[in-house]
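This report concerns only the one structure given below.
The values are calculated or read from the model by the stated rules, or taken from the named source; none is laboratory data. Because the structure is predicted, anything quoted here is derived from the model rather than measured. Don't worry about glycine lacking a Cβ; one is built from the backbone with ideal geometry, like all the others, and counts go over all protein chains shown.
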Amino acid sequence: MVCGRNPGKVVLMSRCCVVLFALTISTSCSRNGKEGGQRSSMLLFSSRSATIIPPKNTITGNLTLISWNVNFGIQSDASMVKTMGKIPCDAVFLQETTPLWEAAIKRNLSTLFPHMRFIHFQGAGGLAVLSKHPINQLATILPPPRGWFPAMAVTLQVGKTPVQVLNVHLHPPFNNRGSVVKGYFTSKSIRLREIEKYYKSLTEKLPTIVVGDFNEEKSGSAVSFLRKKGFSTSLNSQNTWRWKTSFYLTLRSQLDHVLYRGKIALKDSRVIKTGQSDHLPVVASFYLLK
């Protein structure tokens, strides 16, 4: 337990309050496994970021990854696990995983992704990486004071090039008591402290990608911090989160991000409309440069 809290319980309670701020805030973790009937087994591509023309630098390799908050309330879903195996990619980075998610993924995808690591944490704090490339290093970074979830720092060996990836799940926009009103304002500084701490685990010289559920839009404090550190965002203004309320209103926002820096260039990025989670998978493809 972190500071004696139960983030999972608070997350569940807060969903009852989120409608009050439907036009101004978004939340992260689902209350149950069906997300208001938002079921889809088809891979439907949403609006894409523009494909980038290959850079003049020498291209030494390619890397495609997925970032997906799978929703700890679902526990595991066969169709979502199948989707992870159908989207062409080299690595999958997940948030809100649980032991049941781990069991289902290993049972079905171990051959496709021979390198897997899972971090189990209370409530919605689980993280995972599934990779076709060897994992050279993996570190768990605990959250700072008032933070809820850890981060996962991974170094993948992509051919001759090591690439570091930081997988994050930042603080939702409510406080420990489930208050959306107070949490919307106070959580911004917590997310900033989280990303500041997690950033310190990164090596300056390596190509670097930061993925995950930031629980904020592109103008948020954590995303802004990374951009000041030289990171670029892979997505245009595309919704990655949806929540169907009991008032026949579906809330949408861009809470998930993929940012990159160093000898790496964006080839393409997209959001796929699929799965029962309240979050949608983000797919980003990169050129590795010499």
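Got a number for residues in the stretch 267-288 being over 15 Å from residue 90 (Cα atoms) and either of a type in the set (Ser, Thr, Tyr) or assigned to a strand (DSSP E or B) (or both)?
Looking only at the stretch 267-288, we keep the residues that are over 15 Å from residue 90 (Cα atoms), and these are 270-280.
Narrowing further to those that are either of a type in the set (Ser, Thr, Tyr) or assigned to a strand (DSSP E or B) (or both): 270-274, 277, 279.
Result for the stretch 267-288: 7.
For the stretch 63-95, the candidate set comprises residues that are of a type in the set (S, T, N, Q) and touching a strand residue (DSSP E or B) at 6+ places or on another chain (Cβ under 6 Å); within that set, the residue that is farthest from residue 212 (Cα to Cα) is 64. Going by the structure shown, is residue 91 modelled with pLDDT of 95 or more and of a type in the set (Gly, Ala, Ser)? In short, yes.
If a residue must be assigned to a strand (DSSP E or B) and touching a residue at least 24 places away in the same chain (Cβ under 8 Å), how many such residues does the stretch 116-136 contain? Counting residues in the stretch 116-136 that are assigned to a strand (DSSP E or B) and touching a residue at least 24 places away in the same chain (Cβ under 8 Å) gives 8.
Filtered by the rule that a residue be in contact with a strand residue (DSSP E or B) (Cβ under 6 Å, 6 or more places away or on another chain) and farther than 24 Å from residue 70 by Cβ, the stretch 206-231 gives 206, 207, 230, 231. Scanning the stretch 140-158 for residues that are in contact with a strand residue (DSSP E or B) (Cβ under 6 Å, 6 or more places away or on another chain) and either free of Cβ contacts under 8 Å to residues at least 24 places away in the same chain or closer than 17 Å to residue 215 by Cα (or both) gives 140, 149, 150, 151, 152.
Identify the residue in the stretch 62-82 that is small (Gly, Ala, Ser) and under 23 Å from residue 123 (Cβ atoms) and, among all such residues, is surrounded by the fewest Cβ atoms within 10 Å (Cβ to Cβ). Spell out the reasoning first.
Filtering the stretch 62-82 for residues small (Gly, Ala, Ser) gives 67, 73, 76, 78-79.
Now drop any that are not under 23 Å from residue 123 (Cβ atoms), which leaves 67, 73, 76.
On the way: 67: 27, 73: 22, 76: 19.
That would be 76.
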